[in-house]
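Asks: For reference, the structure I am asking about is given below.
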Amino acid sequence: QVQLVESGGGLVQPGGSLRLTCVATVESSFKIFTMGWYRQAPEKQREMVATIATSGNTKFVDTVKGRFTISRDDAKKAVYLQMNTLKPEDTAVYYCQAEWGRPSTSIRRASWGQGTQVTVSS
């Protein structure tokens with residue numbers, strides 16, 4: 001019932017910037033709650049990068065705090081990740097996640113996008 005599509009990844013030099021976009025397609029009976037971005041580098045575990053709640057409250061992993069910004073547009077059913085001052089350590093596949101469910105119940109599910117590659121290299 002919920003599908004996510006990411007875009008905006010690519011190759012950038014250290015110190016550069018990228019803006020990732022994730023757009024959700026959801027049936028009208030469901031609502032999207034917290035949305036976020038996760039990343040996974042080769043041979044490393046997937047980690048949370050940033051999340052944003054419906055209230056606008058945000059959380060970031062310490063390594064990106066001050067460099068990345070997460071935002072959402074509920075009218076467009078989209079979440080964005082603005083990445084500035086990129087470092088080689090940021091290289092990973094970035095995945096969008098959305099928690100969703102019926103507002104009248106406490107049941108929540110999570111959907112994932114297909115991922116978009118971000119490579120930071122000179």
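Asks: Give the lysines whose C-alpha is closer than 18 Å to that of residue 65, dropping any in the same chain fewer than 8 places away, or say none.
Replies: Residue 65 reaches 87.
Asks: Taking the alpha-carbon distance from residue 31 and a cut-off under 25 Å, which lysines remain once sequence neighbours fewer than 8 residues away in the same chain are dropped?
Replies: 59, 76, 77
Asks: Let me ask something additional. Starting from the Kirkwood Rh over alpha-carbon pairs, what translational D in µm² s⁻¹ does the range 46-122 have by Stokes-Einstein at 10 °C and 1.306 mPa s?
Replies: For the chosen part, D equals 114 µm²/s.
Asks: Hey, another quick one. Calculate, for residue 27 and residue 61, the FRET efficiency according to 1/(1 + (r/R0)^6) with r their C-beta to C-beta distance and R0 25 Å; round to the nearest 0.05.
Replies: That gives a FRET efficiency of 0.20.
Asks: Right, here's the next one. Between rounded, prolate and oblate, where does the range 1-60 land on the alpha carbon gyration tensor, with a ≥ b ≥ c its root eigenvalues, rounded for a/c under 1.5, else prolate if a/b exceeds b/c?
Replies: prolate
Read-outs: derived from the displayed coordinates by stated rules, not from any lab. None of the values given here were measured: they were computed from a predicted structure. Cβ coordinates were reconstructed from backbone atoms using ideal geometry, including for glycine residues, and neighbour counts include every protein chain displayed.
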